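The values are calculated or read from the model by the stated rules, or taken from the named source; none is laboratory data. Predicted, not measured: the structure shown is a model, and the values here were computed from it. All Cβ positions, even for glycine, are placed from backbone atoms using ideal geometry, and neighbour counts span all protein chains on display.
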Amino acid sequence: MKNIVLFGPPGAGKGTQAEFLKKKYDLIHISTGDVFRYNIKNKTKLGLLAKSFMDNGDLVPDEVTIDMLKAEVNNNPDANGFIFDGFPRTESQADALDRFLKGKNKEISGMIALEVPENLLVERLLNRGKTSGRPDDQDENKIRNRFNEYESKTAILKDYYQKQNKYFGVDGVGSIEEITSRLEKIIDNL
Ligand code: AMP
């Protein structure tokens with residue numbers, strides 16, 4: 001069983017790569033951003049709660065996000081493993097995930113980070129905003145705020161997983177196929 005955290009700033013290509021990797025390794029892909037967007041679209045209580053945070057590019061509060069993630073994992077009891085995309089994003093989310101998996105006799109196999117320079121990220125996100133309809137991709141101020149959230153709350157998770165010898169950095173610049181094969185080389189050895 002492989003449980004992979006796909007890591008990197010907004011626009012790094014986590015979602016794109018997860019689509020390929022989930023098929024190759026038969027893993028369940030959980031994107032917390034996608035689950036929130038689904039709930040917003042369907043006007044659920046969770047969606048209403050998450051919307052204002054997301055629209056501004058702020059993180060949704062930990063407790064809400066952690067409960068949602070646990071429910072997604074519990075909904076897939078027969079999974080061969082998971083790709084966590086966009087989660088954890090804070091140290092308390094990472095702690096909660098470790099404890100939660102330990103309670104199931106499971107653990108994170110590795111965190112793989114897609115490394116992409118910031119100017120390229122902004123360009124990718126603004127481009128995506130033209131077709132994604134995502135309000136947080138269409139406004140450069142919101143994009144910058146998401147980077148601030150990433151730098152101030154999420155980037156420290158590199159240390160968190162490095163301390164467990166579970167951090168792997170990958171060059172996230174190149175064609176989609178090139179980046180997939182870089183990721184596969186790491187995942188094959190996890
Ligand atoms: P993403 O689709 O990963 O870019 O996430 C879009 C937005 O969803 C983020 O800017 C946050 O507002 C929210 N979000 C997604 N995942 C998390 C998380 N793990 N913790 C808090 N907020 C999250």
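Condition check for Arg128 on (1) touching an Asp or Glu at 6+ places or on another chain (Cβ under 7 Å); (2) assigned to a loop (DSSP other than H, G, I, E, B): one failure, at (2). Remark: Ile108 falls outside the filter, which requires a residue to be surrounded by fewer than 15 Cβ atoms within 10 Å (Cβ to Cβ), among the β-branched types (Val, Ile, Thr) and under 21 Å from Ile66 (Cβ atoms). All told, Asp55 meets the bar of being more than 8 Å from the ligand (Cβ to nearest atom), among the charged types (D, E, K, R) and at pLDDT below 95. In segment 150-164, the residue that is farthest from the ligand (Cβ to nearest atom) out of those that are more than 23 Å from Lys130 (Cβ to Cβ) and either touching a Pro at 6+ places or on another chain (Cβ under 7 Å) or among the charged types (D, E, K, R) (or both) is Lys163. Annotation note: Cβ proximity below 6 Å between a residue of segment 96-111 that is of a type in the set (Phe, Trp, Tyr) and a residue that is surrounded by 10 or more Cβ atoms within 10 Å (Cβ to Cβ) and in a helix (DSSP H, G or I) (sequence gap 6+ or interchain) occurs for Phe100/Lys70. Identification of strands (runs of 3 or more DSSP E) wholly contained in segment 1-119 with 2 or more residues that are β-branched (Val, Ile, Thr) yields 2-7, 28-31. Among the conditions (1) within 14 Å of the ligand (Cβ to nearest atom); (2) among the polar types (S, T, N, Q); (3) over 21 Å from Gly11 (Cβ atoms), the only one that Asn74 does not satisfy is (1).
Checked against the criterion of being buried (at least 17 other Cβ atoms within 10 Å of the Cβ) and more than 9 Å from the ligand (Cβ to nearest atom), the candidates Leu69, Leu97 yield just one match: Leu97. Consider segment 81-91 and keep the residues that are under 26 Å from Asp58 (Cα atoms) and more than 10 Å from the ligand (Cβ to nearest atom). The one that is nearest to the chain's Cα centre (by Cα) is Ile83. For segment 140-151, the count of residues that are surrounded by fewer than 17 Cβ atoms within 10 Å (Cβ to Cβ), under 14 Å from Gly11 (Cβ atoms) and of a type in the set (Val, Ile, Thr) is zero.
To keep it simple, each residue is scored yes or no on (1) under 17 Å from the mean Cα position of the chain (by Cα); (2) in contact (Cβ under 8 Å) with a residue 12 or more places away in the chain.
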position	(1), (2)
Pro10	yes, yes
Gln17	yes, yes
Asp34	yes, yes
Arg37	yes, yes
Asn42	no, no
Ala50	yes, yes
Val60	yes, yes
Asp67	yes, no
Ala79	no, yes
